[in-house]
Amino acid sequence: ILNVEQSPQSLHVQEGDSTNFTCSFPSSNFYALHWYRWETAKSPEALFVMTLNGDEKKKGRISATLNTKEGYSYLYIKGSQPEDSATYLCAFQMNTGFQKLVFGTGTRLLVSP
Amino acid sequence: DVKVTQSSRYLVKRTGEKVFLECVQDMDHENMFWYRQDPGLGLRLIYFSYDVKMKEKGDIPEGYSVSREKKERFSLILESASTNQTSMYLCASSPSKKPQHFGDGTRLSIL
C-alpha cells in the first residue's frame, strides 16, 4: 500500500503570515504529484500538477516545489488571507499508465483575520 | 468549465438496501473515479473507469460495484448497504494525464 503523508495535520495562522506544508510520497515509480485545495462545502479544486524533479509552480500567492529523488513536495502560501482557509491535499500518481491518485490526509489551514 | 454532477448532496438509506449514487460529467473525459472521504483517512479510491464498460478496483472496493454504460455517467452501487458505508462520497473525472475534476459530494447515511 502506497503511503502519502502530509504535515502538519492542521495549522492556524494570522492574516498576513506566510506558511508552508509538506507532502511526503514514495520516491520510486513516480509520475506526478498533484496539489488540491478543498474549501468547506465545495469540491476539491486542482492547484498544481508537478512532474519534474526540481519543478516549481506558482499561482498568485501560492507556490509549490518538488523533489522526486527524496520524495517530498512543499506548498507555500505567502501572506495568508482568510479566504485561503481550506484543506490542502496532495496526491501521488504512479507511472502505471492509469490516472489513479493516492491522496494524503490533508493539511487543514485556518487563517484568522 | 468542467461540470461533474452528483445526483444527491445528502442521502439517507437503511441497512440492507441497494443504493445507487450517480455521477455525470459534461466534458467527454475518459477517466472517472469514485472516492470516499472519512475523518482522518483522506480520500480513498473505491473504483475507477478509464473507458466505457471498463472498470478497475481501487483501494477499498469491497461492498461496492460500479457501472459505466455511457462515457458521461459513472454509477456507484452499494449492493447491500451497511452502517460502515456511512461516509462522504466524491466522484471525479479527468482527461488523460490531466488533473481530476470533482463533484460536490454526496453525504450518505446508512441507518
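The values are calculated or read from the model by the stated rules, or taken from the named source; none is laboratory data. None of the values given here were measured: they were computed from a predicted structure. Please note: Cβ atoms are built from the backbone with ideal geometry, for glycine as well, and neighbour counts cover all protein chains shown.
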Determine which single condition A:Leu33 fails, assuming it passes every other condition in (1) outside any strand (DSSP E or B); (2) over 16 Å from A:Leu110 (Cβ atoms); (3) in contact (Cβ under 8 Å) with a residue 60 or more places away in the chain.
(1)
Matching option when the condition is modelled with pLDDT of 95 or more and of a type in the set (A, V, I, L, M), among A:Leu101, A:Leu47
A:Leu47
Selection within the stretch A:46-72 - in contact with a Lys or Arg (Cβ under 9 Å, 6 or more places away or on another chain), surrounded by 13 or more Cβ atoms within 10 Å (Cβ to Cβ) and more than 18 Å from A:Leu89 (Cβ to Cβ):
A:Arg61
For A:Tyr88, are the conditions met, namely being within 15 Å of B:Pro99 (Cβ to Cβ), surrounded by 17 or more Cβ atoms within 10 Å (Cβ to Cβ), among the hydroxyl-bearing types (Ser, Thr, Tyr) and at the interface with another protein chain (Cβ under 9 Å from one of its Cβ atoms)?
no
Would you mind finding the one in A:Thr105, A:Thr22 that is under 30 Å from B:Ile60 (Cβ atoms) and within 13 Å of chain B (Cβ to nearest Cβ)?
A:Thr105
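To keep it simple, each residue is scored yes or no on (1) on the phi > 0 side of the Ramachandran plot; (2) in a strand (DSSP E or B).
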residue: A:Gln6; (1), (2): no, yes
residue: A:Ser27; (1), (2): no, no
residue: A:Ala41; (1), (2): yes, no
residue: A:Leu52; (1), (2): no, no
residue: A:Lys69; (1), (2): no, no
residue: A:Tyr88; (1), (2): no, yes
residue: A:Val102; (1), (2): no, yes
residue: A:Thr105; (1), (2): no, no
Please go through the stretch A:91-102 and pick out each residue that is polar (S, T, N, Q) and within 7 Å of another protein chain (Cβ to nearest Cβ).
A:Gln99
Run down B:Arg14, B:Arg73, B:Arg36 and say which single residue is among the basic types (Lys, Arg) and either facing another protein chain (nearest Cβ under 9 Å) or surrounded by 19 or more Cβ atoms within 10 Å (Cβ to Cβ) (or both).
B:Arg36
Working carefully through the options B:Asp1, B:Asp28, find the one that is out of contact with any strand residue (DSSP E or B) (no Cβ under 7 Å at 6 or more places or on another chain) and either part of a strand (DSSP E or B) or within 13 Å of chain A (Cβ to nearest Cβ) (or both).
B:Asp1
Within the stretch B:37-65, the residues that are among the β-branched types (Val, Ile, Thr) and either part of a loop (DSSP other than H, G, I, E, B) or without any contact (Cβ under 8 Å) to a residue 12 or more places away in the chain (or both) are B:Val52, B:Ile60
If we scan the stretch B:32-44, do we find a residue that is among the basic types (Lys, Arg) and farther than 24 Å from A:Gly104 by Cβ?
no
Residues within the stretch B:101-111 that are crowded, with 19+ Cβ neighbours inside 10 Å, more than 7 Å from chain A (Cβ to nearest Cβ) and more than 15 Å from B:Phe20 (Cβ to Cβ), tallied:
1
Residues that are surrounded by fewer than 18 Cβ atoms within 10 Å (Cβ to Cβ), of a type in the set (A, V, I, L, M, F, W, C) and at the interface with chain A (Cβ under 10 Å from one of its Cβ atoms), drawn from the stretch B:41-67:
B:Leu41
Here the residues within the stretch B:78-87 that are loosely packed, with under 15 Cβ neighbours inside 10 Å and in contact (Cβ under 8 Å) with a residue 40 or more places away in the chain are B:Glu79, B:Ser80, B:Ser82, B:Thr83
